[in-house]
Amino acid sequence: MAGTLWVRQKKSTVRMVQPQRDTMRSLGLRRPGQVVEVNDNPAIRGMIAKLAFALEVLTEKPKAPYAWKGVTVTKGTGIVPKKAAAPKASAEPKKKSASKTPATKAKGKKASK
C-alpha cells in the first residue's frame, strides 16, 4: 500500500460531531475544497473511510482547477496560496511632525527679564 493519495474536503465540518472534526484535522484538512497529500497506509485509509461522505480521494496529483487559482498542493499542509509581492517602500522617508506643546520653563526658577 505504499504510495501517496490526495484527499479533498467536500463538505464543511460545521454540523459534524467532534470526533469527525478531529479526524478531519488529523488529515490536515481545514476548509472545504482544500487538497492535502497523505501517505497511503491502513491508518489513513481508516480515517478516509470514517469521513467518506465528506471527502474525495484522488489517486493522481490534481492539476485543474487548482493551477488557475494561484495555489499549490503541498505535502501534509494542504493548499497554500502563493506569496504576494511585498509593497514597495516609498522613496521619501516620513518626516517627524513638530511638537505642538509649548516650551515649558524649568522647575523652581522664575523667568528673568
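Some points to look at:
- Options 14, 7; residue that is aliphatic (A, V, I, L, M), modelled with pLDDT of 90 or more and assigned to a strand (DSSP E or B): 7
- The residues in the stretch 27-50 that are of a type outside the set (S, T, N, Q) and under 17 Å from residue 14 (Cα atoms) can be counted, and the count is 8.
- Scanning the stretch 21-35 for residues that are out of contact with any Ser or Thr (no Cβ under 7 Å at 6 or more places or on another chain), at pLDDT 90 or above and of a type outside the set (D, E, K, R) returns 23, 26, 27, 29.
- Considering only residues in the stretch 1-20 that are surrounded by 10 or more Cβ atoms within 10 Å (Cβ to Cβ) and among the charged types (D, E, K, R), the one that is nearest to the chain's Cα centre (by Cα) turns out to be 8.
- Set 18, 9: member being in contact (Cβ under 8 Å) with a residue 24 or more places away in the chain and polar (S, T, N, Q): 9
- Cβ separations smaller than 8 Å between residues 6+ apart or across chains give the following pairs from the stretch 50-65 residues that are closer than 29 Å to residue 18 by Cβ and basic (Lys, Arg) to residues that are at pLDDT 80 or above and part of a helix (DSSP H, G or I): 50/20; 50/23.
- Taking the criterion of being outside any loop (DSSP other than H, G, I, E, B), loosely packed, with under 15 Cβ neighbours inside 10 Å and more than 20 Å from the chain's Cα centre (by Cα), the residues of the stretch 21-55 that qualify are 39, 42, 43, 45, 46, 49, 50.
- Enumeration of residues in the stretch 56-66 that are over 10 Å from residue 7 (Cβ atoms) and surrounded by 11 or more Cβ atoms within 10 Å (Cβ to Cβ): 61, 62, 66
The values are calculated or read from the model by the stated rules, or taken from the named source; none is laboratory data. Keep in mind it's a predicted model, so treat the numbers as computed, not measured. All Cβ positions, glycine included, derive from the backbone under ideal geometry; neighbour counts span all protein chains shown.
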